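The values are calculated or read from the model by the stated rules, or taken from the named source; none is laboratory data. Because the structure is predicted, anything quoted here is derived from the model rather than measured. Glycine gets a Cβ as well: all are built from the backbone with ideal geometry, and neighbour counts include every protein chain shown. Calculation scope for accessible area: heavy atoms of the full protein, side chains included, ligands and nucleic acids excluded. Shrake-Rupley method; radii C 1.70, N 1.55, O 1.52, S 1.80 Å.
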Amino acid sequence: MRHRLSLALVAFCSILLSSAPLAAQLEPAAAAGAVRLDRESRMLGHYKRVLIIGAHPDDEDTELLTILVRGMGAEAAYLSLNRGEGGQNAIGAELGEALGLIRSEELLAARRLDGARQYFTRAYDFGFSKSLDETWQHWPKDSILKDVVRVVRRFRPQIVVSVFSGTPRDGHGQHQAAGWAAMEAFRAAGDSTRFPELGRDGLMPWAPLKLYRSTRFDSAATTLTIDGGVLDPAVGKSYHQIAMASRSLHRSQDMGQLQGIGPSRVRLQLVDDRTGKGSADLWAGVDTTIGDLAKGSLELADLARHEDAVRAARSRLVVDAVADDERVVPGQSLKVVLMVWNPTADPIEVTTSISADSTFAAAVPPAERVVVAPNRLEQREVVLQTNAAAPPTRPYFLEAPRAGDLYTWPPRPATVGLPFDPPLLTATFRAEGVGQEPFVIRREVTFRYNDPAVGEIRRPITVVPRLGARVDPATLVWPTSSRAPRSFNVTLTHGARDTTSGTVRLLLPAGWPVPAPLPFRFTAEDETRTFEIRVRPPVSLSRGVFEIRAEAEDSKGATYDVGVYAVDYSHIRPRSFARPATASVRVAPLVLPRLASVGYVRGAADRVPEALQGVGVPIALLDARTLERGDLSRYAAIVIGSRAYETEPALATNNGRLLDYARRGGLVIVQYQQYQFFTRGYAPYPMTVGGRPLRLDDATTRGAGATARPPGPPVSHDRVTDETAAVTALKSSYAVLRRPNRIVAEDWAGWIQERGLYFARSWDKAYEPVIETHDPGEAPLEGGLLIAPVGRGTYVYTGLSFFRQLPAGVPGAYRLFANLLALARSPGS
């Protein structure tokens, strides 16, 4: 299957700031260009390195990174403790590890614009935490510190900048952890007695000279101000504008920013200074010369890389490496064409070679030298063989299961801490031109094809199984009282170019009736077919968690039970990952109300409709046309997905129709919404939410009339982050807690990540709160589930995180949601 990708952003990135190739979307071959030459030239003749440390992908200071790289010619890097897996997704359905892949690539796309590098620790984003102690319960403190020290010793910066202070004023417990780790690593990285095992990876102690922290939310503590409103003549934009373009690439987090012109300030506080020279200038007291750098050191290697890039840019040599397939199966041959175009007036001697990882079993062909005449294109064709036992391509940090909330890193020191593994195949072109020193250009081997509507599209080379298998739904709650069969869809994707035939089946728990296998036959690459397999429960259906596994067996007896998934958006490089073809079935008591049809407005990354359909709720997705002019009275209830008032414009526009539906006797259930829902009065009666939205742009002053810097970090809305927090019914007589399912303490067990968020803080007396819950040591919160009569109908607002619990198969969440649906009256029932 070929995907249409918008290349408008890619073209903009290429024109604005060319950097190392393939950092975001994969691009057609091109010369390095004047902007690349200008940036690389600025980095020659000195040694300047700054490491910025934050907790999440969106904590980065893109303006400071841009100033450092574009304005000061420094090597800069951003270390994010985690990949943002615990957040939400404004552009798609991915959550958890898949969302982490998106946000990692968004960081790389941003780095492409500001020119900095990117690193990570093993930390997995487990969700919002309110204290440092809570964070350390998920992330072993010493492990996080070791990972940060690893990056400091690897990158070897003279200056470290902490985005956070490491104190409660940082708010989020993960922010506090990042601040603590940055400051502790500043002290520990140069101590040979700390983490001596890193020496086995070639990472010797390194003591940075200065430690700063951002004063974005603490302007009174500022000791150094740097101007970001300076025009970069090579680009024609200010550093601030470039930074805002970089920040806007965090699309999954709704981080789009205006590229305002005029003055802009980045503010820092000097925390520690081993030079004794003070903070009048960022580099005061720092020796940035390169004369005393040890020969063969990492620093000289990087300096050589910049010199190489400058010579390559000046040469105007254009190279490319194209394969004849993007998805290869184990044992398949792959043809690669290496191309060299010399657009100059002088001949250039070029040596071409290919480097590969263990995916390719046969020895790579030897290097080959050719003289490329002026204005000539030379091509070399090589054939590689894929290892017959090669596993599907996946990021290195997903090769093994996590250890709690830490990724399990493989024993590859050169890779760990980086965003991803190197490409499977890399072409190297070593050139010697007339009157020039030799230089090297490296390019990832990619697949390309023509989309008639878009033009050239490039894809990375990935390994896939001959047959990829997926099961849907991956999680299902099965009521103990139900004897009706359930359907599982098994999707097979054929990765090979030849013919494969066989059968597909479901492997069920002991005692479950086994459905008959179904035959298949594939004759084309990327051919996909979905098989519906009906599963019946055993005569005696007991409570518990059971696994169902899909397995395809080909005519040669080989079996396949892994599926390959991809995150693929126009602003980032595609990434694939593999998952076992299994489904988790949770058998639990669950009674559903009898409803003819339930309307649903999907929200952000919202998989609740599919979860409800899986247990038998008759869901009908409501589109813009239905919200505008459809007959809403045909639905017994209408459910609004989380953040749907942001993602579905027709919902906000037609909110009056929704309220009229409720007044005429309908049931409206609104899952958690953000600030605009409360401030714009979409609910039938007033309610408020705590805190206020704050974008990083608010904290930057630019010219006359700019908003003053806030005195502190944003105040959090009311939420309960402890998924085990006690929940108390405010009245035992509430019908919503008694029928058709009696909600008991057990129903609050097994929740994931949190109880809820964006609880109402105050509300009109028409609403009645149903439950109270709170994090340990905090004040009671009663705004998580509010119910109000509206005319002849009912209106519900709930901040409980059903959007996480239902797709995860939490039985108690299903039972409570069924009770909410049971509040429906006569319309449509």
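Within region 337-362, can you find the residues that are within 19 Å of Ala388 (Cβ to Cβ) and not polar (S, T, N, Q)?
Ala356, Asp357, Phe360, Ala361, Ala362, listed by residue number.
How many of the residues making up region 63-77 are part of a helix (DSSP H, G or I) and surrounded by fewer than 24 Cβ atoms within 10 Å (Cβ to Cβ)?
Here the count works out to 1.
Among the strands (runs of 3 or more DSSP E) confined wholly to region 318-377, which include 3 or more residues that are open to solvent by 10 Å² or more (accessible area, probe 1.4 Å) and out of contact with any Phe, Trp or Tyr (no Cβ under 7 Å at 6 or more places or on another chain)?
It comes to 333-342, 348-356, 368-372.
Open to solvent by 30 Å² or more (accessible area, probe 1.4 Å) and out of contact with any Leu (no Cβ under 9 Å at 6 or more places or on another chain): does that describe Ser131?
In short, yes.
For region 387-395, check the following and say yes or no: at least one residue is at pLDDT below 95, over 23 Å from the mean Cα position of the chain (by Cα) and over 25 Å from Arg458 (Cα atoms).
Yes, the conditions are met somewhere in region 387-395.
Mind listing whichever residues of region 378-392 are in a loop (DSSP other than H, G, I, E, B) and open to solvent by less than 30 Å² (accessible area, probe 1.4 Å)?
Once the filter is applied, which keeps residues that are in a loop (DSSP other than H, G, I, E, B) and open to solvent by less than 30 Å² (accessible area, probe 1.4 Å), region 378-392 yields Ala390, Pro392.
Just for strands (runs of 3 or more DSSP E) wholly inside region 713-803: which have at least 1 residues that are open to solvent by less than 10 Å² (accessible area, probe 1.4 Å)?
Strands (runs of 3 or more DSSP E) meeting the threshold: 760-763, 771-773, 785-790, 793-798.
Just to be sure I understand, how many residues within region 33-44 are touching a Leu at 6+ places or on another chain (Cβ under 9 Å) and open to solvent by 10 Å² or more (accessible area, probe 1.4 Å)?
Adding up the residues that qualify gives 4.
Output the residues belonging to region 263-277 that are open to solvent by less than 50 Å² (accessible area, probe 1.4 Å) and over 27 Å from His240 (Cα atoms).
Of everything in region 263-277, those that are open to solvent by less than 50 Å² (accessible area, probe 1.4 Å) and over 27 Å from His240 (Cα atoms) turn out to be Asp273, Thr275.
When you scan region 36-48, do you find a residue that is at pLDDT 95 or above, more than 29 Å from Asp568 (Cβ to Cβ) and touching a His at 6+ places or on another chain (Cβ under 7 Å), even just one?
no
Testing Ile787 on (1) under 27 Å from Asp660 (Cβ atoms); (2) touching a Leu at 6+ places or on another chain (Cβ under 7 Å), one condition comes back false. Which one is that?
(2)
Take the conditions over 29 Å from Gln253 (Cβ atoms), more than 31 Å from the chain's Cα centre (by Cα) and at pLDDT 95 or above and apply them to Pro589. Does it pass?
Yes.
Enumerate the strands (runs of 3 or more DSSP E) found wholly within region 576-694, keeping only those where 1 or more residues are under 30 Å from Arg543 (Cβ atoms) and either open to solvent by less than 10 Å² (accessible area, probe 1.4 Å) or hydrophobic (A, V, I, L, M, F, W, C) (or both).
Correct list: 582-588, 598-601, 619-621, 637-640, 667-671.
Taking only pairs six or more apart or across chains, which ones have beta-carbon atoms under 6 Å, a first residue in region 742-760 that is closer than 13 Å to Leu816 by Cα and modelled with pLDDT of 95 or more, and a second residue that is open to solvent by 30 Å² or more (accessible area, probe 1.4 Å) and among the acidic types (Asp, Glu)?
Pairs found: Trp751/Glu723.
Pick out, from region 433-522, the strands (runs of 3 or more DSSP E) lying fully within it that include 3 or more residues that are in contact (Cβ under 8 Å) with a residue 60 or more places away in the chain.
439-444, 446-451, 455-460, 467-472, 475-479, 486-494
Inside region 229-260, can you point out the residues that are without any contact (Cβ under 8 Å) to a residue 60 or more places away in the chain and either within 19 Å of Ile53 (Cα to Cα) or open to solvent by 40 Å² or more (accessible area, probe 1.4 Å) (or both)?
Leu231, Pro233, Gly236, Gly256, Gln259
Restricting the search to region 100-123, which residues are closer than 15 Å to Tyr407 by Cα and surrounded by fewer than 24 Cβ atoms within 10 Å (Cβ to Cβ)?
Tyr119, Arg122
Looking for something among the polar types (S, T, N, Q), more than 14 Å from Gly86 (Cβ to Cβ) and within 22 Å of the chain's Cα centre (by Cα) - is there at least one such residue anywhere in region 118-125?
yes
Can you go through Thr415, Thr428 and tell me which one is open to solvent by less than 70 Å² (accessible area, probe 1.4 Å), among the polar types (S, T, N, Q) and not in a strand (DSSP E or B)?
Thr415
Do you know which of the residues in region 555-575 that are charged (D, E, K, R) and buried (at least 20 other Cβ atoms within 10 Å of the Cβ) is farthest from His494 (Cα to Cα)?
Per the stated criteria, the residue is Arg573.
Take the residues in region 444-457 that are at pLDDT 95 or above and either open to solvent by less than 30 Å² (accessible area, probe 1.4 Å) or of a type in the set (A, V, I, L, M) (or both); name whichever of them is nearest to Arg305 (Cα to Cα).
Result: Glu444.
In region 544-560, is there at least one residue being under 29 Å from the mean Cα position of the chain (by Cα), in a strand (DSSP E or B) and without any contact (Cβ under 8 Å) to a residue 40 or more places away in the chain?
The answer is yes, given that some residue of region 544-560 is under 29 Å from the mean Cα position of the chain (by Cα), in a strand (DSSP E or B) and without any contact (Cβ under 8 Å) to a residue 40 or more places away in the chain.
Take the residues of region 466-484 that are touching a strand residue (DSSP E or B) at 6+ places or on another chain (Cβ under 9 Å), open to solvent by 30 Å² or more (accessible area, probe 1.4 Å) and not hydroxyl-bearing (Ser, Thr, Tyr): which is farthest from Ala808 (Cα to Cα)?
Ranking the candidates gives Arg466 first.
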